[in-house]
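Undergrad: Take a look at the following structure, please.
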Amino acid sequence: MPLKLNAVAFISSQNHPILIRTFSKQDELKYHYIAHTSLDVIEERANSNTKTTECYLGLLYAMEDVAVYGYITTLKTKIVLAIALSDSVVLDAEIITIFRALHMAFYTSISNPFLKLDANDPALLVGGAKWKGFRRRVDEIARVVGVTVPLSSA
């Protein structure tokens, strides 16, 4: 049974949301809450693993019908995945592959030297062509995972 990706969140090093993209028909506010509540767990794990260079933080917690996984880049951007709980086994290798693809999508979007992105305000990225390209890349990754993403939302 394939993974059911419900949401993905990108959070800046200053803990500002960059993108919270939901793929579930459920309450969108729920996934904003999940993204924000995962920050404490991410900070705790990142601080306890100061000697390791591992970006993948593993399963952060399970809540109701969702398993929440975390990833932190070397520049302290956090990526959070909310995956629907199921009876099937979820392999860390699958989750790591999704995180690496999302990390590359983010990196590709912000690596333009002409993009004026203030480190203190990542929301400046919103609305521009780079932002739309980033959102399209996230939607493409979701489609590969098996999520049905409406074409008009990109």
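Undergrad: Would you mind computing, in nm to one decimal, how far apart the modelled labels at Glu54 and Asp40 are, each placed 7 Å from Cα along Cα→Cβ?
TA: With each label point 7 Å from Cα toward Cβ, the separation is 2.3 nm.
Undergrad: A further question follows. Please report the carbon-and-sulfur percent of the accessible area for region 54-113; probe 1.4 Å, protein heavy atoms only, DNA, RNA and ligands left out.
TA: Result for region 54-113: 59 percent of the exposed heavy-atom area is carbon or sulfur.
Undergrad: Still on this model: What do you reckon, how do Ser88, Ser48 stack up by accessible area (1.4 Å probe), largest on top?
TA: Greatest to least solvent exposure: Ser48, Ser88.
The values are calculated or read from the model by the stated rules, or taken from the named source; none is laboratory data. Just so it is clear, the structure is predicted and the values come from calculations on it, not from any experiment. Ideal geometry is used to build each Cβ from the backbone, glycine not excepted, and the neighbour counts take in all protein chains shown. For accessibility, only protein heavy atoms count, side chains too; no ligands or nucleic acids. Shrake-Rupley method; radii C 1.70, N 1.55, O 1.52, S 1.80 Å.
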